[in-house]
């Protein structure tokens, strides 16, 4: 299982980045553990992690929430549909959160690298992760929740 | 191959030799490794001072830019000088349509060759001939918007000419007034507000009614809050609506006697905050062209390096092409490094923040002095 020192960089990075790029406050809900596979929401961003930590992180949110976030990032150029521009905004946000988390982890001596984000759409998306148990980190915001599903484990020495 | 201090390593550089862990002879990273930020940190953690990297091969694109850039910079300078001549001749009534058409024709050619490069040049300003460089820059920006709106060559030419002459009415305002550093007195202010009418008068008989309309209406606002007549929406000539937007943007990113320039991003934020004053369709097209990090914006990467946006990618507004100038410690790099954030290998890099307006000014000057032979700026 993942130690707190691994999880906190992800949560901290999520607060910081979301606040900075959308000016939206996020609060952490109750963490829980679940078994693979991860059941997605309408908008899902999957990022692979390798190095001292291995596995995947999957961000899940509803399309309505994603649209609000994307609009905020795009200087309030409201996108009515979840078009290419909105998609690139959400991927960028996920990428930045993980990029920041990876920097925090490296400062604590854990070196990881990430794959480019993959966007999966559709409420029926199911992601089978290599790591069989994953941590569910719900983030509450005024515009709906974002769930960070962290299916990670430490590299076996 | 060149030696580089570890502090100046940028992700993407390629090792020319194995990097060894000091005092052990163990290879930390082999030759030909493409460095990632994580690797750079590791090298740092072993207190290694210098490594050998391969001198990056410039892509064909970069080589073309190197050739094109000085040519375009020269043309920009010449255009500004030409505008000065044309407008001065205008005053003396020895004005020719051909001279203006020729000028705009040149600008159109340049836009076709490399619009981004041209847009970069609009950030190089000379305060002395503000009015003339402003005319050229507003013309360039208007043409770019017109292109995105689907204008054909003929229309673009009309638009370009109209934009070039939009402020010609300023010729009738005394030089002391428009160069004043303090606030204008009510009388002076009223006088300046007459330049659209003066412009239309000057152009009457010489230029098409559309060009006159742009001069007369470029301060009208879509919601009726403009001047001199308070025209609203479709009452305003379409090209005037385009030039109105280009005019405001260009003015925002320029130093004026009464205020310092805004960063491209701040200019866009200001425009968006006042969006009722502009045609919504034109505004949308403009914003999409300018993107989130407009050309000319100075940014800091998450890894600490500082650079400037030189090209935007319409599909990936968050992943423009940068020219890096400063390393993580704020030291000037030996030479600017081109970084394309949309390349997969760079996906771990992102723009951490946009620098403030005063930092923009300071850094532009430092960069201009250091790399004066590179008109990317």
query: Which one is nearest to residue B:123 (Cα to Cα), of the residues in region B:145-155 that are surrounded by fewer than 22 Cβ atoms within 10 Å (Cβ to Cβ) and in contact (Cβ under 8 Å) with a residue 40 or more places away in the chain?
result: B:148
- request: Please give the number of the condition residue B:307 fails out of (1) closer than 27 Å to residue B:325 by Cα; (2) assigned to a helix (DSSP H, G or I).
  value: (2)
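For (1) over 18 Å from residue A:85 (Cα atoms); (2) buried (at least 22 other Cβ atoms within 10 Å of the Cβ); (3) out of contact with any strand residue (DSSP E or B) (no Cβ under 8 Å at 6 or more places or on another chain); (4) touching a residue at least 40 places away in the same chain (Cβ under 8 Å), each residue gets a yes or a no:
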residue: B:249; (1), (2), (3), (4): yes, yes, yes, yes
residue: B:274; (1), (2), (3), (4): yes, no, yes, no
residue: B:287; (1), (2), (3), (4): no, no, yes, no
residue: B:301; (1), (2), (3), (4): yes, yes, no, yes
residue: B:307; (1), (2), (3), (4): yes, yes, no, no
residue: B:328; (1), (2), (3), (4): yes, no, yes, yes
residue: B:337; (1), (2), (3), (4): yes, no, no, yes
query: Between a first residue in region A:104-116 that is more than 7 Å from chain B (Cβ to nearest Cβ) and a second residue that is modelled with pLDDT under 85 and surrounded by fewer than 19 Cβ atoms within 10 Å (Cβ to Cβ), which pairs have beta carbons less than 7 Å apart while being 6 or more apart in sequence or on different chains?
result: A:108/A:5
- line: The condition of being away from every other protein chain (no Cβ under 11 Å) and under 28 Å from residue B:41 (Cβ atoms) holds, among A:47, A:58, A:97, A:146, only for A:58
- prompt: Applying the selection to region B:319-346, what residues are assigned to a loop (DSSP other than H, G, I, E, B) and either within 18 Å of the chain's Cα centre (by Cα) or farther than 24 Å from residue B:289 by Cβ (or both)?
  reply: B:319, B:320, B:327, B:328, B:329, B:330, B:331
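Looking at residue B:86, is it in a helix (DSSP H, G or I) and at pLDDT below 75?
Details: in a helix (DSSP H, G or I): yes; at pLDDT below 75: yes.
Criteria met by residue B:86.
Can you say whether residue B:111 is out of contact with any strand residue (DSSP E or B) (no Cβ under 9 Å at 6 or more places or on another chain), surrounded by 15 or more Cβ atoms within 10 Å (Cβ to Cβ), assigned by TED's automatic domain parsing to the domain that holds residue B:152 and in contact (Cβ under 8 Å) with a residue 60 or more places away in the chain, as far as the supplied structure shows?
Numbers: out of contact with any strand residue (DSSP E or B) (no Cβ under 9 Å at 6 or more places or on another chain): yes; surrounded by 15 or more Cβ atoms within 10 Å (Cβ to Cβ): yes; assigned by TED's automatic domain parsing to the domain that holds residue B:152: yes; in contact (Cβ under 8 Å) with a residue 60 or more places away in the chain: no.
No; evaluated as a whole, the condition is false for this residue.
The values are calculated or read from the model by the stated rules, or taken from the named source; none is laboratory data. Keep in mind that this is a model prediction, so the values were computed, not measured. In this analysis, Cβ positions are derived from the backbone assuming ideal geometry, glycine residues included, and neighbour counts consider all displayed protein chains.
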